[in-house]
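Only one structure is covered here, and it is reproduced in the block below.
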């Protein structure tokens, strides 16, 4: 078994595995462009058939052929039914993009690479054996993580775009869109969009996602309709079985008042500026006198008031992206002060314990070194939850746990066997210190993403 898996420790396999993980967990979210979307496919199509053919060498040709066929099927619209069936159980996601098929030659490259007799990049033999199994487990994790579902950008307020001269024949709702054909115009109501998961699910992110909404929708539906130039004012009324929307468009985007009525009652009144909510929005309960009044500034909600009749029940402010950035700077300052406090406590304990220090058996030392990463990881989750910055999914949580073990375990060996512990409590302080440092790193990364 080990001899078959040796190729997993070869240089190119390790390189493309690292590229796949870095792209899925960082590059896609940081840049979210066409190149980043293709990078995962390039990397995955290289390592996937190599991995499975190493486990089932007698089925090598079948695995490579099946990889090409299944990838083509997966990237086509014909896989939609399968994905809908799988989602309640496994939560997978993919984007229909036939241009991804340009990455198929990577399967051929992988085939020739398996024939080249590439030597492992790791020495000595014991480390090679251990690393081979570890790399195999990381590869399995990477295959699962790359199919995680995409973020759904939903809209609290009604969101429409306007196109003209559509060629669509079927106007049934699909992919979160509802279509209304009026003469030569096509009104598209957008219930939600699929996007890369943002650093913050706030109005700023929503505004960013809909900057080119009319172009994005036109690209998704694959219609040859044309855009309406900015400056062309169109007023329309959309009738459904449940409500009626009065809309005003400037070009293809909502611009001006929006009024939704149900029966004879106005249940939504608001104002748009080129697709972004602005000024005051009023949302009324259709069966009572309760209402919610929301204040927007350039598409970002700043205040929410709830009324029962004319009586104010509650009032709250909502942080804008600028407010969140300021708060994150404050959190970084607090974490830095906590790190300084931990360093002071450890230094003080060390000085008091000189020259003896804490005497531990070899078993306890090893136990501390291998258990400490788990404690650090749990402390890190607690700190991020306290700061309300923890939003990792299962794959990110596992990736973080792996990173913590790789980083903390060697450090604890140095501390326990070389520096030596001064007191039993120092195990706790060191774990807390590493958790704080990891929290600073994560919070700084969040701050960079928020600022961009």
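What follows is calculated from the coordinates using simple rules that are stated; it is not laboratory data. Only a predicted model underlies this, so the values are computations on that prediction, with no experimental measurement involved. Cβ sites come from the backbone with ideal geometry, for glycine too, and all protein chains shown count toward neighbours.
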Roughly speaking, what % of Cα-Cα pairs in the stretch 36-76 are separated by over 12 Å, rounded to a whole number?
59 percent
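Calculate, for residue 82 and residue 396, the FRET efficiency according to 1/(1 + (r/R0)^6) with r their C-beta to C-beta distance and R0 30 Å; round to the nearest 0.05.
Efficiency at R0 = 30 Å is approximately 0.75.
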For the stretch 255-294, radius of gyration divided by Kirkwood radius, i.e. Rg to Rh on alpha-carbons:
1.01
In nm, to one decimal, how far is the residue 61 label point from the residue 152 one, both placed 7 Å along Cα→Cβ?
4.5 nm
Could you work out the Rg to Rh ratio of the stretch 152-317, with Rh taken as the Kirkwood radius (inverse of the mean 1/r over all Cα pairs)?
0.98
Sorted from fewest to most neighbouring beta carbons within 10 Å, what does the list 75, 352, 273 look like?
352, 273, 75
Assuming R0 = 45 Å, can you tell me the calculated FRET efficiency for the pair residue 417 and residue 445, based on Cβ-Cβ distance, to the nearest 0.05?
0.90
Cβ density ranking, 10 Å radius, fewest first, applied to 242, 156, 392, 277 yields 242, 156, 392, 277
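Relative to the present Cα-Cα distance, how much length would full extension add between residue 363 and residue 98 at 0.36 nm per residue of separation?
Using 0.36 nm per residue and subtracting the Cα-Cα distance, I get 89.8 nm.
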If you rank 364, 74 by fewest surrounding Cβ atoms within 10 Å, what's the result?
364, 74
Mind checking the full-extension length gain between residue 219 and residue 311? Use 0.36 nm per residue of separation minus the Cα-Cα distance, one decimal, nm.
28.5 nm
Please work out the ratio of the alpha-carbon Rg of the stretch 317-452 to 2.2 N^0.38 Å and round it to two decimals.
1.19
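Roughly speaking, what is the stretch gain from residue 15 to residue 267, that is 0.36 nm per residue apart minus the C-alpha to C-alpha distance, in nm to one decimal? Please list the in-between numbers first.
Values: separation 252, 0.36 × 252 = 90.72 nm, distance 5.62 nm.
Answer, rounded to one decimal: 85.1 nm.
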Report the label-to-label distance for residue 182 and residue 201 in nanometres (one decimal), using points 7 Å from each Cα along the Cα→Cβ vector.
3.2 nm
To the nearest 0.05, how large is the calculated FRET efficiency for residue 211 and residue 344 if R₀ is 41 Å and r is the Cβ-Cβ distance?
0.30
